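**Q** Here you go, one structure.
The values are calculated or read from the model by the stated rules, or taken from the named source; none is laboratory data. What you see is a predicted model; the values in this text were computed from it and never measured. Cβ atoms come from the backbone with ideal geometry, glycine included; neighbour counts cover every protein chain shown. Each accessible area value is taken on the protein alone, full model and side chains, heavy atoms only, with ligands, DNA and RNA left out. Shrake-Rupley method; radii C 1.70, N 1.55, O 1.52, S 1.80 Å.
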There are 2 protein chains.
Amino acid sequence: MEENNPNLKSWITVAADSDFPIQNLPFGVFSYEGNTSVGVAIGDKIVHLGHLYDAGLMSDTVEKNVFAKSSLNPFLMLGKKAWRSARKRVSELLREDNAELKGNNDLRQKCIIDQNQVTMKMPVEVASFVDFYSSIEHATNIGSMFRPNNPLMPNWKHLPVGYNGRSSSVVVSGTSVVRPKGQIKADDAEVPSFGASKLLDIELEMGFITGPGKPLSQTIPTAEALDYVFGMVLLNDWSARDIQKWEYVPLGPFLGKSFATSISPWIVTMDALEPFRASSPKQDPPVLPHLQFEGDGNYNIHLEAHIKTEKMDAPMCMTKTNFQNMYWNIPQQLAHVSSNGTNIEAGDVYGSGTVSGTTPDSLGSMLELCWRGTRPLKLPSGEERKFLLDGDEVTLKGWCQGDGYRVGFGKCHGKILPAID
Amino acid sequence: MEENNPNLKSWITVAADSDFPIQNLPFGVFSYEGNTSVGVAIGDKIVHLGHLYDAGLMSDTVEKNVFAKSSLNPFLMLGKKAWRSARKRVSELLREDNAELKGNNDLRQKCIIDQNQVTMKMPVEVASFVDFYSSIEHATNIGSMFRPNNPLMPNWKHLPVGYNGRSSSVVVSGTSVVRPKGQIKADDAEVPSFGASKLLDIELEMGFITGPGKPLSQTIPTAEALDYVFGMVLLNDWSARDIQKWEYVPLGPFLGKSFATSISPWIVTMDALEPFRASSPKQDPPVLPHLQFEGDGNYNIHLEAHIKTEKMDAPMCMTKTNFQNMYWNIPQQLAHVSSNGTNIEAGDVYGSGTVSGTTPDSLGSMLELCWRGTRPLKLPSGEERKFLLDGDEVTLKGWCQGDGYRVGFGKCHGKILPAID
């Protein structure tokens with residue numbers, strides 16, 4: 001599609017290393033001067049879609065002003081045709097040779113806002129939140145720590161293992177994370193105790209966000225799955241390993257995860273990611289027919305996690321990995337969820353699971369990076385970390401590298417605050 | 001409170017065995033002649049609260065007409081004071097000596113509708129759905145089938161084990177349940193296959209529904225928990241045992257449950273249940289301080305599950321049990337969920353877990369009733385059942401028995417339809 005043409009240029013200046021060139025145009029929700037709207041990022045600006053629609057410049061794309069809202073859900077409800085139409089129109093309006101907005105001084109000043117003047121909000125009202133476990137490196141690492149003789153469960157290569165998370169505590173980047181309390185049982189203790197988690201960790205993930213699927217009892221095949229996916233975000237699935245360890249058998253992770261999950265504010269559309277499709281690892285044994293996917297099911301997305309303690313002057317990169325490592329891809333994940341007929345809703349968030357690579361510096365959690373605390377991270381401040389301490393900040397970054405431009409996700413940031421007494 | 005006085009009588013005739021005397025007044029959502037509203041059940045009638053508010057008869061209870069809506073969420077958002085105020089006012093209007101509504105022919109005809117003329121809708125937009133596992137009899141039964149030497153996990157008596165379910169597929173009673181397909185691995189098979197579940201089961205549960213809790217990072221102690229609970233429903237957590245068995249290690253149940261969960265349409269308020277509070281089983285060992293609850297934390301609710309196959313003329317009762325059996329009570333469950341700071345939202349549904357008793361005829365699932373298929377149910381039609389077949393209908397019932405009246409939950413019904421090819 002023309003919106004992805006690497007040669008497109010905008011009349012808005014975009015730095016060469018910006019995550020948000022005209023080829024990206026991610027959607028988010030922001031508040032500015034008491035007003036909340038859907039916006040599109042370009043360079044270090046935001047396009048105010050609510051105003052743009054009222055001015056008549058978006059009225060061919062959707063029937064009502066679904067942009068002058070406090071979440072993207074009304075827009076997501078409209079489905080892929082509307083999503084494409086809106087991105088195409090914003091792309092046209094921002095091209096260097098288009099004067100419709102550029103040439104209208106009043107409207108331009110009203111609709112083009114500095115990103116550093118706004119507050120980014122949660123982009124969606126989260127319907128269901130599901131988290132997968134789709135990196136074979138991550139699953140093998142975790143498995144080998146807790147079940148050395150049996151790291152990968154028998155079902156792992158046959159289906160994308162996942163579980164339902166808690167949607168109420170999915171928060172937008174920038175929201176601080178209060179250290180959770182919970183029930184914890186030390187290995188040498190006879191009984192559990194209640195207190196602040198001591199093993200607070202990150203999980204470097206991507207999430208995908210859907211529009212509405214089919215009615216209850218109907219399924220979505222892998223070949224159709226991307227029709228229902230709006231876009232992707234960075235996702236940090238904060239995890240309290242000590243709470244999780246004591247609670248998770250037999251019904252899975254619960255309070256060790258449900259205190260907070262952070263997502264980046266900008267949703268990069270699947271259309272913008274299309275040029276960066278990539279092959280997935282070969283699946284052996286072959287998966288059952290309903291999970292097979294033809295073609296490049298994955299995306300080449302560079303991912304990083306950075307840490308900054310209160311004693312550090314600048315963040316340090318903890319890990320570099322790539323989303324392309326994932327064993328199970330998005331069409332397979334969505335087809336699996338839907339294979340029993342459950343309904344997919346606008347605003348569902350699906351986490352990929354921790355994205356780990358094959359080398360010690362490409363692991364997506366501190367549990368793996370520090371290998372259960374046996375090899376602490378050395379920080380430039382002279383400090384060490386096995387897990388997060390109060391005051392620590394973590395920032396996830398992610399981007400696809402094009403020829404002379406990048407389609408990026410911005411940041412997913414959170415700071416750890418002390419547990420509440 | 002006066003609304004619970006056993007001597008109250010209404011000018012609307014209520015049969016002696018009705019679930020909905022004036023002492024109950026449960027809230028639901030219904031559609032009638034193209035109009036959807038919140039209603040209150042009394043006898044075999046419904047009070048149309050949307051119209052009643054517009055007529056000025058409810059205007060002292062809440063500031064806006066939160067009743068002329070398609071879900072109870074706007075009303076739930078207002079919290080316990082509004083809930084009490086609304087129920088008190090409806091109780092007054094329905095008392096035999098009150099002529100405000102009774103004496104206004106036009107309004108009465110508009111606001112009092114036959115239950116058999118309406119369609120009951122989902123009472124809430126489900127925010128989060130959590131399912132517990134709080135019957136010690138159920139947990140022990142299931143555990144002993146799958147882990148004979150270790151039926152109850154070490155954490156079970158220390159915390160109310162639970163997991164996040166899928167909110168999109170919580171449906172109202174009367175919605176048919178299409179047999180789910182899924183990945184299944186037979187014990188003697190080398191690899192899994194994909195197909196219709198053969199081990200489709202019920203779980204006889206109760207659910208409680210909340211209003212909004214505290215902001216993220218704040219906790220709700222057991223002593224305050226009931227302030228955030230609006231009421232209770234019957235809940236059937238349909239389960240595909242074969243799908244569940246293959247998928248659930250290590251992250252818990254997922255597609256074996258997420259195809260459908262049925263709830264009864266009427267939410268019986270915690271206030272109406274107050275006269276039926278009952279003691280819980282003694283917890284030994286004692287639980288940690290944050291989970292301790294003083295007083296009667298449970299409710300004496302009689303529960304039944306009935307089955308009707310296509311060859312049967314009438315339903316047969318499969319099991320009779322009582323909610324009072326539950327080891328963990330609602331305040332403990334809600335305090336546990338909130339103990340890590342996660343936020344409770346209006347419309348959250350919390351399932352109790354299967355309610356099983358101590359005798360073979362008081363078990364809350366077919367898996368237990370038929371003990372893994374080894375003692376099939378004998379039906380009056382000459383048929384047998386180990387699990388549900390296509391065309392089978394299941395109805396849950398529940399009620400609290402007062403002196404000369406009952407506070408009941410109505411029915412939670414579902415019929416199994418064949419898997420879709």
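**Q** Out of all the residues in the stretch A:342-355, is one or more closer than 30 Å to A:T210 by Cβ and over 22 Å from the mean Cα position of the chain (by Cα)?
**A** Yes, the stretch A:342-355 contains a residue that is closer than 30 Å to A:T210 by Cβ and over 22 Å from the mean Cα position of the chain (by Cα).
**Q** May I ask you to list the residues in the stretch B:67-95 that are touching a Pro at 6+ places or on another chain (Cβ under 8 Å) and surrounded by fewer than 23 Cβ atoms within 10 Å (Cβ to Cβ)?
**A** Here is the first cut: in the stretch B:67-95, the residues touching a Pro at 6+ places or on another chain (Cβ under 8 Å) are B:71-72, B:76-77, B:79.
B:S71, B:M77, B:G79 - these are the residues of the stretch B:67-95 that are touching a Pro at 6+ places or on another chain (Cβ under 8 Å) and surrounded by fewer than 23 Cβ atoms within 10 Å (Cβ to Cβ).
**Q** Pick out the one residue from A:I344, A:I420 that is within 14 Å of chain B (Cβ to nearest Cβ), in contact with a strand residue (DSSP E or B) (Cβ under 7 Å, 6 or more places away or on another chain) and open to solvent by 60 Å² or more (accessible area, probe 1.4 Å).
**A** One residue alone meets the criteria, A:I420.
**Q** Is it the case that A:N155 is part of a helix (DSSP H, G or I) and among the polar types (S, T, N, Q)?
**A** No, not satisfied.
**Q** Sticking with this one: Evaluate the stretch A:361-373: report whether one residue or more is touching a residue at least 40 places away in the same chain (Cβ under 8 Å) and within 12 Å of chain B (Cβ to nearest Cβ).
**A** Within the stretch A:361-373 (the criterion being touching a residue at least 40 places away in the same chain (Cβ under 8 Å) and within 12 Å of chain B (Cβ to nearest Cβ)), the answer is no, since none of the residues qualifies.
**Q** Further question on the same structure: Could you tell me whether the stretch B:211-233 includes any residue that is among the aromatic types (F, W, Y), under 25 Å from B:K320 (Cα atoms) and in contact (Cβ under 8 Å) with a residue 24 or more places away in the chain?
**A** The answer is no, given that none of the residues of the stretch B:211-233 is among the aromatic types (F, W, Y), under 25 Å from B:K320 (Cα atoms) and in contact (Cβ under 8 Å) with a residue 24 or more places away in the chain.
**Q** Taking the stretch A:96-114, which residues are in contact (Cβ under 8 Å) with a residue 60 or more places away in the chain and surrounded by 18 or more Cβ atoms within 10 Å (Cβ to Cβ)? First the steps, then the outcome.
**A** Filtering the stretch A:96-114 down to residues in contact (Cβ under 8 Å) with a residue 60 or more places away in the chain leaves A:96, A:98, A:102, A:110-114.
Within the stretch A:96-114, A:K102, A:C111, A:I112, A:I113 qualify.
**Q** Further question on the same structure: Quick one: which residue in B:P160, B:P192, B:P151 is more than 8 Å from every other protein chain (Cβ to nearest Cβ) and either open to solvent by less than 30 Å² (accessible area, probe 1.4 Å) or aliphatic (A, V, I, L, M) (or both)?
**A** Details: B:P192 fails: more than 8 Å from every other protein chain (Cβ to nearest Cβ); B:P151 fails: either open to solvent by less than 30 Å² (accessible area, probe 1.4 Å) or aliphatic (A, V, I, L, M) (or both).
Of the residues listed, the single one that is more than 8 Å from every other protein chain (Cβ to nearest Cβ) and either open to solvent by less than 30 Å² (accessible area, probe 1.4 Å) or aliphatic (A, V, I, L, M) (or both) is B:P160.
**Q** Go over the candidates A:G398, A:G391, A:G410 one by one and state the one that is at positive phi, surrounded by 18 or more Cβ atoms within 10 Å (Cβ to Cβ), in contact (Cβ under 8 Å) with a residue 12 or more places away in the chain and in the same structural domain as A:I301 (by TED's automatic domain parsing).
**A** A:G410
Residues are listed down the side, and each one gets a yes or a no for (1) touching an Asp or Glu at 6+ places or on another chain (Cβ under 9 Å); (2) within 10 Å of chain A (Cβ to nearest Cβ):
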residue: B:E203; (1), (2): yes, no
residue: B:G213; (1), (2): yes, yes
residue: B:P221; (1), (2): no, no
residue: B:E224; (1), (2): no, no
residue: B:V229; (1), (2): no, no
residue: B:N236; (1), (2): yes, no
residue: B:S239; (1), (2): yes, no
residue: B:E247; (1), (2): no, yes
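**Q** Would you pick out the residues in the stretch B:176-189 that are open to solvent by 10 Å² or more (accessible area, probe 1.4 Å), more than 21 Å from A:P154 (Cα to Cα) and either facing chain A (nearest Cβ under 8 Å) or at pLDDT below 95 (or both)?
**A** Within the stretch B:176-189, B:V178 is the sole residue that qualifies.
**Q** Keeping to the stretch A:58-98, report how many residues are under 24 Å from A:N7 (Cβ atoms) and not in a helix (DSSP H, G or I).
**A** Of the stretch A:58-98, the ones under 24 Å from A:N7 (Cβ atoms) are A:61, A:83-98.
Still in the list and also not in a helix (DSSP H, G or I): A:61, A:95-98.
Qualifying residue count, the stretch A:58-98: 5.
**Q** For the stretch A:259-291, enumerate the residues that are among the acidic types (D, E) and out of contact with any helix residue (DSSP H, G or I) (no Cβ under 8 Å at 6 or more places or on another chain).
**A** A:D284
**Q** Of all residues in the stretch B:119-133, which are facing chain A (nearest Cβ under 9 Å) and part of a loop (DSSP other than H, G, I, E, B)?
**A** B:A127, B:S128, B:Y133, listed by residue number.
**Q** Answer yes or no: is there a residue in the stretch A:371-379 that is farther than 22 Å from A:N141 by Cα, at pLDDT 95 or above, in a strand (DSSP E or B) and open to solvent by 10 Å² or more (accessible area, probe 1.4 Å). Let's see the steps before the verdict.
**A** Residues of the stretch A:371-379 that are farther than 22 Å from A:N141 by Cα, as a first pass: A:379.
Narrowing the set further to residues that are at pLDDT 95 or above leaves A:379.
Next cut, in a strand (DSSP E or B) only: none.
Among the residues of the stretch A:371-379, not one is farther than 22 Å from A:N141 by Cα, at pLDDT 95 or above, in a strand (DSSP E or B) and open to solvent by 10 Å² or more (accessible area, probe 1.4 Å), which makes the answer no.
**Q** May I pose another question? Across the stretch B:31-55, what is the total count of residues that are open to solvent by 40 Å² or more (accessible area, probe 1.4 Å), more than 25 Å from the chain's Cα centre (by Cα) and not polar (S, T, N, Q)?
**A** Final tally of qualifying residues: 5.
**Q** Any residue in the stretch B:126-149 that's touching a residue at least 24 places away in the same chain (Cβ under 8 Å): show its pairings with residues that are exposed (fewer than 14 other Cβ atoms within 10 Å of the Cβ) at Cβ separation under 9 Å, as long as the two are six or more apart or on different chains.
**A** B:E137/B:T358
**Q** Take the residues in the stretch A:8-24 that are closer than 10 Å to A:I42 by Cβ and aliphatic (A, V, I, L, M), then tell me which one is most open to solvent (accessible area, probe 1.4 Å).
**A** The qualifying residue most open to solvent (accessible area, probe 1.4 Å) is A:V14.
**Q** Filter the stretch A:195-210 down to residues that are of a type in the set (G, A, S) and crowded, with 24+ Cβ neighbours inside 10 Å, then give me how many there are.
**A** Count: 2.
**Q** Looking only at residues in the stretch B:258-285 that are at the interface with another protein chain (Cβ under 10 Å from one of its Cβ atoms) and more than 16 Å from the chain's Cα centre (by Cα), which one is farthest from B:G207 (Cα to Cα)?
**A** Across the stretch B:258-285, the extreme among qualifying residues is B:P285.
**Q** Let me ask you something else. Go through the stretch B:376-421 and count every residue that is hydroxyl-bearing (S, T, Y) and within 30 Å of B:T269 (Cβ to Cβ).
**A** 2
**Q** Sticking with this structure for a sec: Taking the stretch B:29-57 only, how many residues are closer than 25 Å to B:V171 by Cα and not in a strand (DSSP E or B)?
**A** As a first pass, look at the stretch B:29-57 and keep what is closer than 25 Å to B:V171 by Cα: B:29-50.
Filter again for not in a strand (DSSP E or B), leaving B:33-34, B:43-44, B:49-50.
Matching residues across the stretch B:29-57 total 6.
**Q** Continuing with the same structure: When the residues of the stretch B:115-143 are narrowed to those that are exposed (fewer than 15 other Cβ atoms within 10 Å of the Cβ) and not β-branched (V, I, T), which ends up farthest from B:G43 (Cα to Cα)?
**A** If we take residues in the stretch B:115-143 being exposed (fewer than 15 other Cβ atoms within 10 Å of the Cβ) and not β-branched (V, I, T), then B:Q117 is farthest from B:G43 (Cα to Cα).
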